[in-house]
Amino acid sequence: MSKIFNKEVLKQIKEGFNEIKNPIKIITFVENKKPLCDEVVEMMVELSTLNDKIEFIEYDFIEDNELAKKYGINKVPGTTFLINNKHNRIKF
């Protein structure tokens, strides 16, 4: 059973994800012991398991700071998406 999403929500998300045509990378930057980092990682891992075209990658914000800057991430947890390996400027 899902920890973040209930069964019905997972079903709805999976149905929506069936429309995905191109590979998507979910990239999340975290810092150890920072609020919400563990929960966001858990959510993104859960989402990435719903479709083979979705890959989740977790980076350490401090160690990978240059990469975080490249994607415009300036706080944690910070998430962005790559579609067909191209950054689309969506971030949160």
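The values are calculated or read from the model by the stated rules, or taken from the named source; none is laboratory data. Bear in mind the structure is a predicted one, so any value in this text is a computation, not a measurement. Counting neighbours? That spans all protein chains shown, and the Cβs are built from the backbone with ideal geometry, glycine included.
Below are the figures for this structure:
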{"read-out": "Count - residues of the range 11-48 that are touching a Leu at 6+ places or on another chain (Cβ under 7 Å) and farther than 16 Å from PHE81 by Cα", "value": "2"}
{"read-out": "Every pair of residues 6+ apart whose Cβ atoms lie under 6 Å, when the first sits in the range 14-28 and is on the phi > 0 side of the Ramachandran plot while the second is surrounded by 10 or more Cβ atoms within 10 Å (Cβ to Cβ) and outside any strand (DSSP E or B)", "value": "none"}
{"read-out": "Selected residue [among the aromatic types (Phe, Trp, Tyr) and farther than 30 Å from LYS11 by Cβ] from PHE81, PHE29, PHE61", "value": "PHE61"}
{"read-out": "Test: residue in the range 25-39 that is under 24 Å from LYS7 (Cα atoms) and of a type in the set (A, V, I, L, M)", "value": "yes"}
{"read-out": "Selection within the range 58-89 - surrounded by 14 or more Cβ atoms within 10 Å (Cβ to Cβ), under 21 Å from PHE17 (Cβ atoms) and of a type outside the set (Asp, Glu)", "value": "THR79, THR80, PHE81, LEU82, ILE83, HIS87"}
{"read-out": "Flag if PHE92 is hydrophobic (A, V, I, L, M, F, W, C) and loosely packed, with under 11 Cβ neighbours inside 10 Å", "value": "yes"}
{"read-out": "Boolean, ASN51 is closer than 18 Å to THR80 by Cα, among the polar types (S, T, N, Q) and either free of Cβ contacts under 8 Å to residues at least 40 places away in the same chain or assigned to a helix (DSSP H, G or I) (or both)", "value": "yes"}
{"read-out": "Those residues of the range 9-41 which are part of a loop (DSSP other than H, G, I, E, B) and surrounded by 14 or more Cβ atoms within 10 Å (Cβ to Cβ), in sequence order", "value": "ILE20, PRO23, GLU31"}
{"read-out": "Neighbours by Cβ (under 6 Å, 6+ apart or cross-chain): first from the range 29-44, among the hydrophobic types (A, V, I, L, M, F, W, C); second at pLDDT below 95 and exposed (fewer than 15 other Cβ atoms within 10 Å of the Cβ)", "value": "MET43/ILE4"}
{"read-out": "Pick from the range 68-92, criterion hydrophobic (A, V, I, L, M, F, W, C) and either touching a residue at least 12 places away in the same chain (Cβ under 8 Å) or part of a loop (DSSP other than H, G, I, E, B) (or both), ranking: farthest from VAL30 (Cα to Cα)", "value": "ILE83"}
